[in-house]
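Enquirer: Handing you this structure, nothing more for now.
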Amino acid sequence: MVNGPVVKAKEMTGVMMHEVVKVGKLKLTGEVIVLEGDTATIQVYEETSGLKPNEPVEGTGKLLSVMLGPGLIGSVFDGIQRPLEVLRSKSGDFLQRGISAEPLDFEKQWDVEILVNEGDEVKEGQIVAKVNETSAVEHRIMVPPNISGKATKVQKSGKYTIDTVLMIVESKDEKHEVKLYQNWPVRVSRPYKERLAPSEPLITGQRVIDTFFPISKGGAAAIPGGFGTGKTVTQHQLAKWADADIILYIGCGERGNEMTEVLEEFPKLMDPRSGKPLMERTILIANTSNMPVSAREASIYTGVTIAEYFRDMGYNVALMADSTSRWAEALREISGRLEEMPAEEGFPPYLSSRIAEFYERAGRVRILGSEDQNGSISIIGAVSPPGGDFSEPVTTHTKRFVRCFWALDKSLANARHYPSISWLDSYSEYTTELVDWFEQNVDPNFSKLSKRAMSLLSEDNNLQQIIKLVGEDVLPDDQKLIVRVANILKVGYLQQSAFSDVDAFCDMHKQHEMLRIILMYYDRANSLISKGVAISEVLEEKIVNTLMRMKETVSNDKLEYFKQIEQTIRSFFDSLDEKYEKVKEA
Amino acid sequence: MPLKEYMGLSQINGPLIFIENVGNVGYNEVVEVTFRQETRIGQVVQISDKFAVVQVFQGTEGLNVNETKVKFLGKTLQVKVSEEILGRTFNGIGEPIDGGVDIINGVYQDINGFPINPASRMYPRNFIQTGISAIDGLMTLIRGQKLPIFSGNGLPHNRLAVQITKQAKIKGEESGNFAIVFAAMGIKHDDARFMLSNFEESGAIKNVVTFLNLADDPTIERIATPRVALTAAEYLAFEKGMHVLVILTDMTNYCEALRELSTSRGEVPSRKGYPGYLYSDLASMYERAGMIRNKRGSVTQIPILSMPNDDITHPIPDLTGYITEGQIVLSRELQRKGVYPPIGILPSLSRLMKDGIGEGYTRADHPHVSSQLFAAYSRVQEVRALASIIGEEELTNIDRRYLKFGDAFEREFLSQGYDEDRSIEETLDLGWKLLGNLPPSELTRVSEEELKKYYKEIGEN
Ligand SMILES: Nc1ncnc2c1ncn2[C@@H]1O[C@H](COP(=O)(O)OP(=O)(O)OP(=O)(O)O)[C@@H](O)[C@H]1O
Ligand SMILES: [Mg+2]
């Protein structure tokens, strides 16, 4: 039977659950998702037009897996890890069917440095060789999980292709070849020693995130928002600027042009920390909305499995999935074709456990191959709720499994307040765990400043309710000041254009300086107002303008300029103080 | 291979027919359904080794179970394309209906096309000047973009679409290489005639290909119409190097046809009865816009859809917005105020504009002025809300200046004539002129240098 991407095949005895099969004369790639008697239900990763009943289905004996080894970085794959550049050279600009290609290049010679000697005992996960894959990433070749023993037939350091056997690991009863690559089934998470508590933020360079709703390395965050509210731009910002070693970007059922944008832009952009092109740490999975939905379902797993592999080398990996709602819809569509009983809004009852499994693959861990080394995967998933309504199933279930929630607000987006992350509806449960880090690495006062700024913003929110009814004029001056300073915070601090040359990425120290100066302004102004000075005196246009514009006028490498700004503001208030003292004396 | 023919059906249900004991039939294969000399076209939507389910594009009205003959053609639904289609009119499944000759030379192509390999795309960057200030200044259209018009009953989306197509130009390029593919799904005869006669009138556009499925044409045929049109567009763009603007109207009618089909197939419905795969289905069409590396042509799409009850959260505009690269939203309120084109700028957006405007594309100040105009106009809405409660007299001085700006902005910037074609420079200068209503301290999104160069405060009085 053929029903869209779902095919049922008879006489399939011996085939395994999740085995990859080749369907029909075109040899379309599929995966077994249900086994009942000798009938296998297969989800086909390519368009099934023209497929007929009684066409042959062949097993491959392999579970749906990814190929892990040098050559991953800088690649673009589809949802089942077919390399799109290679497909392009094989079949042209449009994706044809039945074309397969190895994910990694088998011809390319890599400079391999071998790190073990003949006869050494090696353990699972141990790093036994390394390759400088790009100028930014050292690719560490590991003994695959579940394999330990004595290293024999160890090659010398030299130039090898990925298929070369570097050594043979002999245990009592088995011999295993260790090559430059290994395979791993995508639906099984890779093992590690133990999970660790969050201790360090993933610095994103986005003020509203780092200052108010930080995510830890190994954390999980969701960005829900209606269309056009900024999920993709935020994800791109994180992919560009987050201080991770490896970026995995999964375009899951979204636009082709957004992938092209990354492909065209990233090679030209430099990592502010390493100075290397961003593409040299990035892997893209592009299963756009017009590509087969079943491969969209797989893309998420392909992505995390690759992420885990780099985590196992001891790296901090950040994974963005845009959009997890399209993945959930793929689950729904396949479930519908299987005629399963639907739960909420047609989604299958296992939606919530699938979402949980996915986000649980985030985390900071002690890696398998070492006693003291850690690696992490941070997952940032976009959620696209229908009608922008957060009470729908994918958003509500996601909320249960992430600890960071960056809620995008349509009205902010309409007002072109970007990023339109709502400072009222968002939260991060990592904040307390990260206080120490910010104190030690940014400033002892940083968390305090952040709290104070947030309380001004929330007081402002209350005052806005009043203003909506009666206007700002009736507020007493101290409350007016709060509204004005909150406005400086909104425009001058929270708003951050992704397209600004200076401000797209904001260093932590710059964040701290800006926050400190704005709050210093508030304190000085507030003390004058409490002494009865008119608010118009403290809202000097030039000063307010300086505060609003400092994000653009001071670049990350010229932080000393803040001293000047601070000085200007101090002398402004000093002279106001003086003037007021005189008035009082007179 | 001999074609397989069967006599008699086992069941008819809505637009679907069921045929038993068929063998060797492919999924999505095209079918000819003949009943007493009359032939209709269908497509296999589900098969097993026992039966095939076929959707009939012209509907099943008048068919009966025992006299209907079904012929499986062994291929998927295709349309014949060549340069000969320029200037011609076809029905919703690509058959000529203008009384002209059949398309003689040409190639058959699958109407579903194939997805563009994301690695083959070229990021669209060429600014298309539409001559409409609201669009060029604030939601710039880019060649290769998909930018829908969200409209409602009685709003002038057709007129706007006509004005865009008439005025659209790329700077420094003649328009010879330009074609329009027009696909009508379920729209009224009058609307189709209005648009077509306008395309023909404007001398610049000789190359129009039209696919018509009008309000009284078979509903299910609408499922094929946009796909047929996009197949033609892709051919002209990527085989013949033309820049093709595709107008798809009205996508709401398309979606309703899809819902009807889905219901008769007994599928589990998602929101408002639309199938759960509506997103993927729409994406399979909208994603056919774009540009390809090393190819000259482009496909730019302007789908038009009417929002049921003006509700932008309705699944059709909602899912469209999730796929397209922005949207132009028409506002009933502005229409009531007599503003043409009544483009509600706050909910409107062009996502590709950021890379196609500014220095080297339009003018260096463009990104900042547009951002400033958005911010200011958004403030106008707040002030208006407040003024309606406490009265204009109670507003602060600054707020009153915002009101003035807002009115002038709607009157002078948003409003323009049906034939008024403004250059991008005129549009930007007009924007600056209107910002003169506000004091410089409010203009935080433009740079100090730009203020010096373009800003002139309009004195209060
Ligand atoms: N930080 C930002 N700086 C500047 N502009 C932004 C920012 N965030 C969003 N935008 C603007 O908003 C537009 C829409 O953002 P984006 O494409 O990220 O939306 P989205 O939430 O991913 O929508 P969809 O669900 O439809 O994919 C962008 O094209 C850009 O113009
Ligand atoms: Mg997006």
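The values are calculated or read from the model by the stated rules, or taken from the named source; none is laboratory data. These numbers were taken from a predicted model, which means no experiment stands behind them. Note that we place each Cβ from the backbone using ideal geometry, even for glycine, and neighbour counts take in every protein chain shown. The accessibility values were calculated without ligands, DNA or RNA, using every heavy atom of the protein model including side chains. Shrake-Rupley method; radii C 1.70, N 1.55, O 1.52, S 1.80 Å.
Enquirer: For segment A:50-88, which positions are without any contact (Cβ under 8 Å) to a residue 24 or more places away in the chain and part of a strand (DSSP E or B)?
Expert: A:Pro83
Enquirer: Also, quick follow-up: Would it be correct to say that B:Thr362 is of a type in the set (Ser, Thr, Tyr) and facing chain A (nearest Cβ under 10 Å)?
Expert: No, not satisfied.
Enquirer: So which helices (runs of 4 or more DSSP H) are wholly in segment B:250-328 and hold at least 2 residues that are more than 12 Å from chain A (Cβ to nearest Cβ) and not acidic (Asp, Glu)?
Expert: Hits in segment B:250-328: B:251-264.
Enquirer: Oh, and also: Checking B:Asp355 against (1) under 24 Å from B:Thr320 (Cβ atoms); (2) more than 11 Å from chain A (Cβ to nearest Cβ), which single condition isn't satisfied?
Expert: The number of the failed condition is (2).
Enquirer: Could you grab me the full set of residues in segment A:125-135 that are in a loop (DSSP other than H, G, I, E, B) and surrounded by fewer than 21 Cβ atoms within 10 Å (Cβ to Cβ)?
Expert: A:Glu133, A:Thr134, A:Ser135
Enquirer: Could you list all residues from segment A:505-528 that are hydrophobic (A, V, I, L, M, F, W, C) and open to solvent by 10 Å² or more (accessible area, probe 1.4 Å)?
Expert: A:Phe505, A:Met508, A:Met520, listed by residue number.
Enquirer: Within segment A:324-343, can one find any residue that is away from chain B (no Cβ under 11 Å) and surrounded by 20 or more Cβ atoms within 10 Å (Cβ to Cβ)?
Expert: Yes, segment A:324-343 contains a residue that is away from chain B (no Cβ under 11 Å) and surrounded by 20 or more Cβ atoms within 10 Å (Cβ to Cβ).
Enquirer: Next up: Could you list, in sequence order, all residues of segment B:439-460 that are over 36 Å from the mean Cα position of the chain (by Cα), within 13 Å of chain A (Cβ to nearest Cβ) and closer than 22 Å to A:Leu539 by Cβ?
Expert: B:Pro439, B:Pro440, B:Ser441, B:Glu442, B:Glu448, B:Leu451
Enquirer: Checking A:Pro224 against (1) within 16 Å of ligand 2 (Cβ to nearest atom); (2) surrounded by fewer than 17 Cβ atoms within 10 Å (Cβ to Cβ), which test does it fail?
Expert: Only one criterion in (1) within 16 Å of ligand 2 (Cβ to nearest atom); (2) surrounded by fewer than 17 Cβ atoms within 10 Å (Cβ to Cβ) is unmet by A:Pro224, namely (2).
Enquirer: Within segment A:243-250, is even one residue away from chain B (no Cβ under 14 Å) and either farther than 22 Å from A:Gln81 by Cβ or within 16 Å of ligand 2 (Cβ to nearest atom) (or both)?
Expert: Yes, that holds for at least one residue.
Enquirer: I would also like to ask the following. Looking only at segment A:45-73, count how many residues are small (Gly, Ala, Ser) and within 12 Å of another protein chain (Cβ to nearest Cβ).
Expert: So the answer is 2.
Enquirer: Please determine whether any residue of segment A:472-488 is within 23 Å of A:Pro201 (Cα to Cα), modelled with pLDDT of 95 or more and assigned to a helix (DSSP H, G or I).
Expert: The answer is no, given that none of the residues of segment A:472-488 is within 23 Å of A:Pro201 (Cα to Cα), modelled with pLDDT of 95 or more and assigned to a helix (DSSP H, G or I).
Enquirer: Of everything in segment A:351-386, what is within 16 Å of the chain's Cα centre (by Cα), under 21 Å from A:Lys231 (Cα atoms) and either modelled with pLDDT under 95 or away from every other protein chain (no Cβ under 14 Å) (or both)? Give them in sequence order.
Expert: A:Ile355, A:Phe358, A:Tyr359, A:Ala362, A:Ile377, A:Ser378, A:Ile379, A:Ile380, A:Gly381 - these are the residues of segment A:351-386 that are within 16 Å of the chain's Cα centre (by Cα), under 21 Å from A:Lys231 (Cα atoms) and either modelled with pLDDT under 95 or away from every other protein chain (no Cβ under 14 Å) (or both).
Enquirer: Turning to a different aspect of this structure: Considering only residues that are part of a strand (DSSP E or B) and within 16 Å of ligand 1 (Cβ to nearest atom), look in segment A:180-235 and name the one that is farthest from the chain's Cα centre (by Cα).
Expert: Per the stated criteria, the residue is A:Pro224.
Enquirer: Which numbered condition in (1) open to solvent by less than 50 Å² (accessible area, probe 1.4 Å); (2) under 26 Å from the mean Cα position of the chain (by Cα); (3) outside the structural domain of B:Gly154 (by TED's automatic domain parsing) is the only one that B:Tyr361 fails?
Expert: (1)
Enquirer: Sticking with this structure for a sec: Take A:Met313 and tell me if it is more than 14 Å from chain B (Cβ to nearest Cβ), more than 20 Å from A:Ile380 (Cβ to Cβ) and open to solvent by less than 10 Å² (accessible area, probe 1.4 Å).
Expert: Here the answer is yes, as A:Met313 does meet what is asked.
Enquirer: Of the conditions (1) among the charged types (D, E, K, R); (2) surrounded by fewer than 19 Cβ atoms within 10 Å (Cβ to Cβ); (3) farther than 18 Å from A:Ser216 by Cα, A:Asp436 clears all except one; give me its number.
Expert: Of (1) among the charged types (D, E, K, R); (2) surrounded by fewer than 19 Cβ atoms within 10 Å (Cβ to Cβ); (3) farther than 18 Å from A:Ser216 by Cα, only one is false for A:Asp436: (3).
Enquirer: OK, next. Any idea which of A:Ala318, A:Ala382 is within 16 Å of ligand 2 (Cβ to nearest atom), touching a helix residue (DSSP H, G or I) at 6+ places or on another chain (Cβ under 9 Å) and open to solvent by less than 10 Å² (accessible area, probe 1.4 Å)?
Expert: A:Ala382
Enquirer: Kindly check whether there is at least one residue in segment B:407-424 that is more than 10 Å from chain A (Cβ to nearest Cβ), open to solvent by less than 20 Å² (accessible area, probe 1.4 Å) and in contact with a strand residue (DSSP E or B) (Cβ under 6 Å, 6 or more places away or on another chain).
Expert: Yes; the residues of segment B:407-424 include at least one that is more than 10 Å from chain A (Cβ to nearest Cβ), open to solvent by less than 20 Å² (accessible area, probe 1.4 Å) and in contact with a strand residue (DSSP E or B) (Cβ under 6 Å, 6 or more places away or on another chain).
Enquirer: Ok, one more. Do you know which of the residues in segment A:389-414 that are small (Gly, Ala, Ser) and open to solvent by less than 30 Å² (accessible area, probe 1.4 Å) is farthest from the other protein chains (Cβ to nearest Cβ)?
Expert: Selected residue: A:Ala407.
Enquirer: Out of the residues in segment A:415-425 that are more than 10 Å from chain B (Cβ to nearest Cβ) and open to solvent by 10 Å² or more (accessible area, probe 1.4 Å), state the one that is nearest to ligand 1 (Cβ to nearest atom).
Expert: Top of the filtered list is A:Pro419.
Enquirer: Which members of segment A:99-124 meet the condition of being outside any strand (DSSP E or B), in contact (Cβ under 8 Å) with a residue 40 or more places away in the chain and open to solvent by less than 30 Å² (accessible area, probe 1.4 Å)?
Expert: Listed by number, the residues that qualify are A:Leu104, A:Val116.
Enquirer: Are there any strands (runs of 3 or more DSSP E) wholly within segment B:9-111 with 2 or more residues that are in contact (Cβ under 8 Å) with a residue 60 or more places away in the chain, and if so which?
Expert: Ranges flagged: B:38-47, B:51-56, B:69-76, B:78-81, B:89-91, B:107-110.
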